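A short worksheet on the structure shown next.
The values are calculated or read from the model by the stated rules, or taken from the named source; none is laboratory data. Keep in mind that this is a model prediction, so the values were computed, not measured. Cβ placement follows ideal geometry from the backbone for every residue including glycine, while neighbour counts extend to all protein chains displayed.
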Amino acid sequence: MKRREFIEKTAASSALLGLGVSLSSFGNTNIKQLTVLHTNDVHSYIDPFPADHPRNANMGGVERRASLIESIKKENPNVLLLDAGDIFQGTPYFNYYGGELEFKLMSMMQYDASTIGNHDFDNGIEGLHAQLPHAKFDFISANYDFKNTVMDGFVKPYKIFNKNGIKVGVFGLGIALEGLVNKGMYKETVYNDPVETAQDMVRILKKENKCDIVICLSHLGYKYRDDETKICDLRLAELTQDIDLIIGGHTHTFLDKPTISKNLIGKEVLVNQVGCYGINLGRIDFYLDNDKAKAFEGKSIIV
């Protein structure tokens, strides 16, 4: 199938896929599918909301999320499970266990990677470090320099995954901590410019390592109405290139489906965030043909 024909058919199919229509319109072309599942700002919410909660009655809960992830993996085994930070702080589970329970449960759900949010420093950088043995997944942050801290060597700037022949590069970005987190909590952690860092990461992942899909795990925030110059996910998309998907956090923004933004050279970038407290699970499906032309669909699934 020619690249143009694939893209045209994919665009039509993607619209129909939301209605449950199959990929039969792709014909016999060898289409590979990657499913990206993601959360953000879960904030230690382990249990579902109670039935009498005024806004989120019977929603969320780790057990339900785990069942949902398991059912999706049965449908398509080529899954990446990611988190965009602020795993900690919000319920007595964190106050009592200090993050141990959160990391153990995420490990049981087989998360592949997470970036680091500002609230993940709420027990200090030593408290975050102390819980790392309970995490069987990688922490990814490219613009936090932990060189002179106890976290040195425990955080990767990026990681490359291979899912059924699809090469996926994932890098992380964190928000500026000064003025947001007490200096004593993050110690000598150095914050580097996220746009410059993203450009370096894209060069490494796309140009040098030839990744088919590049994903940014961001805790920068979706958008700031009071300060349009402040770096956020939408501005990051506009100021960079070769990022396919930005998975965001921090602003607790509920999106029913990804925002499609334009990058520095006019190509599409997906930007998604699924609110907070584990109420939703984000799902983005990428479809690649033999020429690595990409199509996608995305949605937010209520847990």
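Can ILE204 be described as within 20 Å of LYS267 (Cβ to Cβ) and either surrounded by fewer than 24 Cβ atoms within 10 Å (Cβ to Cβ) or out of contact with any Cys (no Cβ under 8 Å at 6 or more places or on another chain) (or both)? Spelling it out, ILE204 is indeed within 20 Å of LYS267 (Cβ to Cβ) and either surrounded by fewer than 24 Cβ atoms within 10 Å (Cβ to Cβ) or out of contact with any Cys (no Cβ under 8 Å at 6 or more places or on another chain) (or both).
Against the definition (within 16 Å of ASP242 (Cβ to Cβ) and of a type in the set (Phe, Trp, Tyr)), how does PHE137 come out, yes or no? It is false that PHE137 is within 16 Å of ASP242 (Cβ to Cβ) and of a type in the set (Phe, Trp, Tyr).
Taking the stretch 235-284 as the region of interest, how many residues are farther than 11 Å from ASP41 by Cβ, buried (at least 20 other Cβ atoms within 10 Å of the Cβ) and within 17 Å of the chain's Cα centre (by Cα)? Explain how you work it out, then say what you get.
Keep residues of the stretch 235-284 that are farther than 11 Å from ASP41 by Cβ, which gives 235-247, 255-272, 281-284.
Okay, now just the ones that are also buried (at least 20 other Cβ atoms within 10 Å of the Cβ), so 236-237, 240, 242-247, 258, 269-272, 281-284.
Add one more test, that the residue is within 17 Å of the chain's Cα centre (by Cα), and what stays is 236-237, 242-247, 258, 269-272, 281-284.
Matching residues across the stretch 235-284 total 17.
For the residues ILE160, ILE116, ILE72, the requirement of being β-branched (Val, Ile, Thr) and buried (at least 21 other Cβ atoms within 10 Å of the Cβ) singles out ILE116. Restricting attention to the stretch 119-139, the residues that are part of a helix (DSSP H, G or I) and among the hydrophobic types (A, V, I, L, M, F, W, C) total 5. Of the residues making up the stretch 102-113, those that are buried (at least 21 other Cβ atoms within 10 Å of the Cβ) and hydrophobic (A, V, I, L, M, F, W, C) are PHE103, MET106, ALA113.
The set of residues in the stretch 140-168 being part of a strand (DSSP E or B) and under 28 Å from GLU188 (Cβ atoms) consists of ILE140, TYR144, ASP145, LYS156, TYR158, LYS159. GLY127 meets the conditions (1) in contact with a Lys or Arg (Cβ under 6 Å, 6 or more places away or on another chain); (2) surrounded by fewer than 19 Cβ atoms within 10 Å (Cβ to Cβ); (3) farther than 24 Å from ARG65 by Cβ in every case but one. The failed one is (1). Count of the stretch 29-60 residues, restricted to those that are over 25 Å from GLU297 (Cα atoms), crowded, with 17+ Cβ neighbours inside 10 Å and among the small types (Gly, Ala, Ser), is 1. One residue stands out in the stretch 247-293 among those that are at pLDDT below 95 and touching a Phe, Trp or Tyr at 6+ places or on another chain (Cβ under 6 Å): the one that is nearest to ASN118 (Cα to Cα), namely ALA293.
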